[in-house]
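Just so it is clear, none of the values below were taken in a lab; they were calculated from the coordinates. This structure is a prediction, so every number in the text was calculated from the model and none was measured. With ideal geometry, Cβ positions are generated from the backbone for all residues, glycine too; neighbour counts draw on all protein chains shown.
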């Protein structure tokens, strides 16, 4: 399923649980400008769960052009502030930064 989401640039699914049920919401393609901040953060986190991620890898995953790379930086920043991801190496140069899940 993840491969299909990557190719189509579909936001990450959302899993909701309650006392007596679990619901998974699947989303279809939206322009990144139409996605709420929470969807961007969730998609960033889900993708980081699979591999170490750099700015350029996320830019490719979200289908963002080089001239809009500041948008990916903002998504990464929001994901870090929300506590979902963290830097792999705090001392890495900006271009060499990789991100991992908060629990790794």
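With 10 angstrom as the radius, rank 73, 79, 54 by how many other C-beta atoms surround their C-beta, starting from the fewest. Numbers along the way, then the final one.
Numbers: 73 13, 79 26, 54 18.
Placing the least packed residue first, the sequence is 73, 54, 79.
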Mean separation of Cα contacts under 8 Å, 6 or more apart, over the residue count of the range 46-101: relative contact order %:
45
Shape call for the range 32-74, from the Cα gyration tensor axes a ≥ b ≥ c (a/c under 1.5 means rounded, otherwise prolate when a/b beats b/c, else oblate), comes out oblate
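Once fully extended, how much extra length lies between residue 15 and residue 87, figured as 0.36 nm per residue of separation less the alpha-carbon to alpha-carbon distance? Working shown, then result.
Values: separation 72, 0.36 × 72 = 25.92 nm, distance 2.51 nm.
Length gained, residue 15 through residue 87: 23.4 nm.
Can you put 44, 35 in order, fewest other beta carbons within 10 Å first?
Least to most surrounded, the residues fall as 35, 44.
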Going 7 Å from the Cα of residue 102 toward and past its Cβ, which residues in the range 48-66 have a backbone nitrogen under 16 Å from where you end up?
48-49
Considering just Cα atoms, how many Å³ per residue does the convex hull of the range 14-104 enclose?
109
